[in-house]
Amino acid sequence: MGGKYEPPDAGWMRVDRQETRAVESQVLVPLEEGGRTQVAVTRIAAGGEYGVHVDDYSQIFSVLHGRGEGEVDGEPVPLQPGVIMRTQAGEPHALRAAADQALVVLTVNTYPEG
């Protein structure tokens with residue numbers, strides 16, 4: 001059902017990958033609904049990180065709240081509200097929250113055909 005979405009009211013699911021520390025997510029548009037696209041809200045607790053990793057899909061991260069640092073192919077990307085970071089499939093990347101505040105991003109994953 002459509003309407004206003006309130007992340008604090010929805011249930012957060014812990015992201016359980018080796019490179020994550022204090023990362024939670026809420027899927028807004030699941031892959032089976034979005035075709036080749038999945039949309040989620042990702043929250044990284046203060047001092048947490050989604051460490052360097054490689055995905056087989058492209059991503060867009062739009063910062064909604066907080067501050068931190070991203071990394072794309074070894075290059076730092078300062079993160080703050082309004083910043084959009086993009087990655088290509090196969091490109092190493094990371095997201096890190098500042099030590100004193102959580103980082104909340106809208107995450108769009110686009111999967112290749114097939």
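Which of the residues spanning the range 73-91 are under 13 Å from the mean Cα position of the chain (by Cα) and either assigned to a strand (DSSP E or B) or closer than 17 Å to residue 111 by Cα (or both)?
Keep residues of the range 73-91 that are under 13 Å from the mean Cα position of the chain (by Cα), which gives 79, 83-87.
Within the range 73-91, 79, 84, 85, 86, 87 meet the criteria.
What do you reckon, is residue 50 of a type in the set (Phe, Trp, Tyr) and within 19 Å of residue 99 (Cβ to Cβ)?
Details: of a type in the set (Phe, Trp, Tyr): yes; within 19 Å of residue 99 (Cβ to Cβ): yes.
Against the criterion (of a type in the set (Phe, Trp, Tyr) and within 19 Å of residue 99 (Cβ to Cβ)), residue 50 qualifies.
Taken together, 33, 24, 49 contain a single residue that is more than 22 Å from residue 79 (Cβ to Cβ), acidic (Asp, Glu) and free of Cβ contacts under 8 Å to residues at least 60 places away in the same chain, which is 33.
Return yes or no: is residue 25 surrounded by 14 or more Cβ atoms within 10 Å (Cβ to Cβ) and within 22 Å of residue 10 (Cα to Cα)?
Details: surrounded by 14 or more Cβ atoms within 10 Å (Cβ to Cβ): yes; within 22 Å of residue 10 (Cα to Cα): yes.
Taking the combined requirement at face value, the residue satisfies it.
Throughout, read-outs are computed from the coordinates displayed, never taken from laboratory work. What you see is a predicted model, and the numbers here were worked out from it, not measured in a lab. Please note: Cβ atoms are built from the backbone with ideal geometry, for glycine as well, and neighbour counts cover all protein chains shown.
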